[in-house]
1. Taking neighbour Cβ counts within 10 Å as the exposure measure, how do B:C417, A:C156 sort from fewest upward?
2. Only residues of region A:87-121 count here: report those whose backbone N is under 18 Å from the spot 7 Å along Cα→Cβ of B:A393, or say none.
3. Given the rule -39500 (n - 2.57) for each run of at least 4 DSSP H residues, summed and divided by the residues of chain B, what is its mean residue ellipticity at 222 nm, to the nearest 500 deg cm²/dmol?
4. Is there a quick way to get the dipole size of chain A? I mean about its Cα centre, with the Cβ of Lys and Arg at +1 and of Asp and Glu at -1; what is the value in debye to the nearest 20?
5. Give the relative contact order (percent, whole number) for chain A; include only Cα pairs under 8 Å separated by 6+ residues.
6. Give the cysteines in chain B for which no other Cys Cβ lies under 4.7 Å away, or write none if there are none.
7. Can you tell me the length gained on complete extension of the stretch B:H226 to B:T260, counting 0.36 nm per residue apart and subtracting the Cα distance?
8. Sort A:K55, A:K132 by Cβ crowding within 10 Å, fewest neighbours at the top.
Amino acid sequence: MIAALWVMVGISLLLGAVLGFSAIKFKVEGNPLVEKIDAVLPQTQCGQCGYPGCKPYAEAIAKGEANINKCPPGGEEGIRKLADLLGVEYVPFGEGAAPKAKAVAFIDEQTCIGCTLCLQACPVDAIVGAAKQMHTIIASECTGCELCIAPCPVDCISMQPIGEDITNWKWDYPTIPIVQVAAR
Amino acid sequence: MRPLFKFHGGVHPATHKAESTRTPIALAPIPTKLVIPLHQHVGNRAVPVVQVGERVLKGQIIGRPEGRLSSAVHASTSGTVSAIDMQLVAHHSGLPDLCVTLIPDGKDEWIAHSGVDYRQTEHTDLRHLLRQAGVVGLGGAVFPSDMKSYSHKHKIKTLVLNGAECEPYITCDDMLMRERAGDILRGAEVLRELLYAEEVLIGIEDNKPEAIAAMQKAVLDDKHAHMEVIAVPTLYPGGGAKQLIRVLTGIEVAAGVRSTEMGVQCFNVATAYCVWRAITFGEPLLSRIVTVTGNVEHAQNYEVLLGTPVDELVALAGSRADTNKHIMGGPMMGVDLPSGSVGVTKATNCIIEASPKLFPPPPPALPCIRCTRCADVCPAELQPQELFWFSKAKDFGKAQEYHLFDCIECGACAYVCPSQIPLVQYYRFAKSEIWQRERDAQAADLARERHEYRLMRIEREKQEKAERLAQKEKAALAAKAASPAPAVNPEPAHTSSAADPDDTLQMRIDAAVARAKAQAATAQPKNVNALTPQQQAEIAEIEARRAKIREMASHAGADDEPPKSNQG
Ligand code: SF4
Ligand code: SF4
Ligand code: SF4
Ligand code: SF4
């Protein structure tokens, strides 16, 4: 009887130690839910959701402070993914938060005065330039967030829609109608 | 007799091959202009290296290969470059792509060229020659051949030459084998050498007895050892690489595995022919055999210069008036051409002139009755009805689980479907959606990384600034202590010149603020604590670079010259 008791106590201590050890050893850094939400967000870092970037929005969603329909660049597809991830209902976009076509920023290099204001605004460092030097945008790194447009004092930045070419062209959804044969 | 194996499924569409094999291959005349796309191969588009107005010679490179996976593009004849711009090309999208337009001068003047003896040439050099000669897979996949011929000893046992040509209407390989068997086999020897392969198996569907006989005769005539011509049963899509390998060797190439890992590599017969011409004579890929058939007066195979407008080509065969579209490739997997002005490319094995009579519009699709006939014929052993269902519902994750990417888009499923559902269109739609998503995800990852780096940088710059300030203050205090009588002020510029008690007070306040800032800054960022030496080294390196830039900037600032405005 006593022996059995000791055995049980021994086992529980051992397992407790293992659990305690693994809690330290395999500690999860950060909030995994935030990471998961952040992975779904498009990383445009535009702030249209009302938060200063995708990660803060992800944190707000994780805390339950923000709804899932606030990210226009993510599109409806993005809302669906968030709804799936969080196990909540799909919510359509609110007023004035419709998704736009993808675009990249373009600096009119003749007009640029080299003020560096856009450079400071770009969340992904997609603009190269230095004080009093002409600035330009690395198109492949621009997320199309439009944050550089407002600060420019000479309005030389415009958004250029990304055109369709052979490399990014997609097949259309087949539109051949499936007809019902009239029942006789 | 070698035992043959079977692949799953397959269908027997009407072959329509007899029409175009009655007459030998004819040489198509030099057309009035050539529209040569710079992206005729899998991989990166070739970069134009000629100027508008420049005279080029036959065989001269007009597009150089860019990056690892790419191939050169050449002028098919001598003439003048009249444009380098976006032109319609033979692509499902119907979108334009960069093309070089060439006006031939009719002289057909070759650039200086010479070949090598492949037995006395390094393999890397041979591969380089193939790349520079623009040799790509001519079976339709147009994969650069140099990239397919990497190997080492004992890796590849079997080289399979694909002469099956299973798709209806197409006879270009058939005619090539009948007429140029010797060169095909010599090319196979070059490939065998490159791959260190032991045996060469040539698979030809048994509906091409003349081609089989010609190839067998060539094997005997030239005494090729360990080379065998094998008649395989006619069954669509028996010319798929995986299917032919299965039939000839019994090897099942699993999904996501390259056949080279199983010891087999597969080349099209026409590719082998071009390999021979390119290596031995230094002739780049400038022309190919194209079957012109369908709604024409006399269907025939032509040797056509790459870039020849389809209009001019079909006129040779006498395209009938009621032709409503051109199909490039076969009826099962072909591309509807957006216009007759597109140029013949390396992938153009066949042009079918279509008429409503020949290809009546498909009846409207009916709902899937889950008869699984499609699954019975699918050579990739998929469940087409499930793939259809998931693609239609845009449930792409599920479609991938059902191995959507193993589908070779052969169209056998759609061919047998009693409900006439355009199944392949759904698969193509789903595939391109999934690719798009992958591109988006990659872009998002890049943006996330760059954004996080930026945040880290800003944080660190803040901290550095605070530290600098603190240090300055310390130095100032020390200076004060050393010379309490403030005669001259050696302090930095931001303090006013005359030092009075008020000023020192202000200075103290500043110092306090700076200290508080420094404290706040050191307390906040976690990302610069406990760094690995590697990270520290990285940071140090970045700092050094930044210091240099700062120095340059300060020099530039010190210059009293007004900033140069941008050139008009
Ligand atoms: S709205 Fe902009 S910042 Fe907010 S989550 Fe979407 S992409 Fe990110
Ligand atoms: S360049 Fe402009 S639009 Fe593009 S990511 Fe930077 S701030 Fe956004
Ligand atoms: S053959 Fe057509 S109807 Fe039959 S299961 Fe396949 S998709 Fe459905
Ligand atoms: S098109 Fe795809 S799914 Fe249909 S039979 Fe061919 S491989 Fe199978």
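1. Neighbour counts put them in this order, fewest first: A:C156, B:C417.
2. A:90
3. About -12500 deg cm²/dmol.
4. Computed charge dipole of chain A: roughly 640 debye.
5. Rounded, it is 16 percent for chain A.
6. B:C99, B:C166, B:C172, B:C266, B:C274, B:C350, B:C368, B:C371, B:C378, B:C407, B:C410, B:C417
7. Here the answer is 10.3 nm.
8. Ranked by crowding around the Cβ, least crowded first: A:K132, A:K55.
Bear in mind that the values in this text are calculations on the coordinates, not laboratory data. Fair warning: this is a prediction, and the values are worked out from it, not measured in the lab. Cβ sites come from the backbone with ideal geometry, for glycine too, and all protein chains shown count toward neighbours.
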